[in-house]
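First comes the structure, then the notes that go with it.
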Amino acid sequence: HDLRNEDLKDMHELGQGNGGSVKKVEHVPTGTIMAKKIVLIDAKPSVRKQILRELQIMHDCNSDYIISFYGAFISDPNICICMEFMDKGSLDGIYKKIGPIDIEVVGKVALAVLEGLTYLYDVHRIIHRDIKPSNILFNSKGQIKICDFGVSGELINSIADTFVGTSTYMSPERIQGAQYTVKSDVWSLGISLIELALGRFPFADSDDDDSDLSDFEGTLSPSRPGNLGLPPSRSKQEKEKADKKKKRKSKGVSLQGGGMTMSILELLQHIVNEPAPHLTPEGRFPKVAEEFVDSCLLKDPDSRRTPKDLLKHPWIEQSRTAPIDLEAWASTF
Ligand code: ATP
Ligand code: MG
């Protein structure tokens, strides 16, 4: 049935992202609790209708590892997307609340994401394009599902025009302007898994508690290879301040997080030029998990494996049968 905004009662806000906000709502006629994503877009009515048509593919996306879709509509000037509500929220929120996530649970996350990506690509030829902890959701039944995948080319274009943001999960080849492939999602998965296991974004300083490079400023047009809307370089004064801070801390990589504004260019250059991060310190995690993450983070996309192929990796096979009860784990926070 057609979803109408009038039938939805707002409960509370679940979070905000670059493209808009997400609210918990009740569909009053049926009593169904949903998550309503409000996407702010500046597009002609014809483009908005096109986006709505493209979003309908989501009705056909049926997998245990993909958020279910209830429907989408235009609520001038926004587009609203109604999806399954996940009561434990996204994995970034979870680790920020409870700290680093057990590697066995991280293994289940890797398995779920690979299953979801394989389903999207094999059945619908969809590439996710935005794998990161905030787009991996969890519920109290212990289910792990991915959301916010790139179903609508028009939507990707419209958001890219308006948003100011970050793409810190972007693979080296994407930064250098290559086409998106399923392997770019595998890179993003590798970065996300390290973030969950360490409880911090892997490119940030190790001694800076609230380092979070996802806070830095800059604009990017992810849909346009080679056209990175890089911000103007920092003023001399700002640079001197940053250098001082660097000298004071001079540990780990020379990228600032926390309250510092870091040039997005520095992070992008780091991703392209420096060795990929690992699950560290050595010995803290099982070798097989370290090896899996390393294989996600091979800088050359030709050597990197596809999600489908990675489902056969020993760590993933092990995670499939690992006897951890995610429902019980969910009840601990
Ligand atoms: P970005 O805009 O950079 O992609 P984001 O993914 O955090 O960042 P949104 O997609 O707008 O931004 O989501 C905002 C927050 O809402 C998420 O971090 C998540 O915690 C919450 N959220 C999104 N979808 C759901 C859902 N279906 N159920 C429960 N919580 C959700
Ligand atoms: Mg999201």
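The values are calculated or read from the model by the stated rules, or taken from the named source; none is laboratory data. Owing to the predicted nature of the structure, the values given are computational and were not obtained by experimental measurement. Every residue, glycine as well, gets a Cβ built from its backbone with ideal geometry; the counts of neighbours run over all protein chains shown.
Some values worked out for this structure:
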| item | result |
| --- | --- |
| Residues (in contact (Cβ under 8 Å) with a residue 40 or more places away in the chain and outside any helix (DSSP H, G or I)) located in the range 269-279 | Ala276, Pro277, His278, Leu279 |
| Among (1) under 29 Å from Lys141 (Cα atoms); (2) surrounded by 13 or more Cβ atoms within 10 Å (Cβ to Cβ); (3) away from ligand 2 (no atom under 14 Å from the Cβ); (4) under 22 Å from the mean Cα position of the chain (by Cα) - the single one Met11 does not satisfy | (4) |
| Evaluation of Ile33 against (1) near ligand 1 (Cβ under 9 Å from one of its atoms); (2) out of contact with any helix residue (DSSP H, G or I) (no Cβ under 8 Å at 6 or more places or on another chain); (3) of a type in the set (A, V, I, L, M) (one fails), failing number | (1) |
| Residue in the range 318-329 that is touching a His at 6+ places or on another chain (Cβ under 8 Å) and surrounded by fewer than 19 Cβ atoms within 10 Å (Cβ to Cβ) present | no |
| Filter result (surrounded by fewer than 22 Cβ atoms within 10 Å (Cβ to Cβ) and either modelled with pLDDT of 95 or more or within 13 Å of ligand 2 (Cβ to nearest atom) (or both)) within the range 155-166 | Phe163, Gly165, Thr166 |
| Lone qualifier among Ser90, Ser68 - being polar (S, T, N, Q), under 17 Å from the mean Cα position of the chain (by Cα) and either within 12 Å of ligand 1 (Cβ to nearest atom) or more than 19 Å from Gly17 (Cα to Cα) (or both) | Ser90 |
| Failed criterion for Ala276 (all others in (1) within 30 Å of Lys145 (Cβ to Cβ); (2) modelled with pLDDT of 50 or more; (3) crowded, with 17+ Cβ neighbours inside 10 Å; (4) touching a helix residue (DSSP H, G or I) at 6+ places or on another chain (Cβ under 7 Å) hold) | (4) |
| Subset of the range 60-82 (residues that are crowded, with 18+ Cβ neighbours inside 10 Å, over 21 Å from Tyr119 (Cβ atoms) and among the aliphatic types (A, V, I, L, M)) | Ile79 |
| Breaking point among (1) over 17 Å from Met58 (Cα atoms); (2) touching a Ser or Thr at 6+ places or on another chain (Cβ under 7 Å), for Glu84 | (1) |
| Residues that are among the charged types (D, E, K, R), in a strand (DSSP E or B) and away from ligand 2 (no atom under 16 Å from the Cβ), drawn from the range 16-46 | Glu26 |
| Helices (runs of 4 or more DSSP H) contained in the range 92-190 and holding at least 1 residues farther than 30 Å from Ser46 by Cα | 103-124, 172-175 |
| For Lys49: the one exception among (1) away from ligand 2 (no atom under 16 Å from the Cβ); (2) part of a strand (DSSP E or B) | (2) |
| Residue list for the range 131-154, restricted to those being over 24 Å from Ser331 (Cβ atoms), within 13 Å of ligand 2 (Cβ to nearest atom) and of a type outside the set (Asp, Glu) | Ile131, Lys132, Phe149, Gly150 |
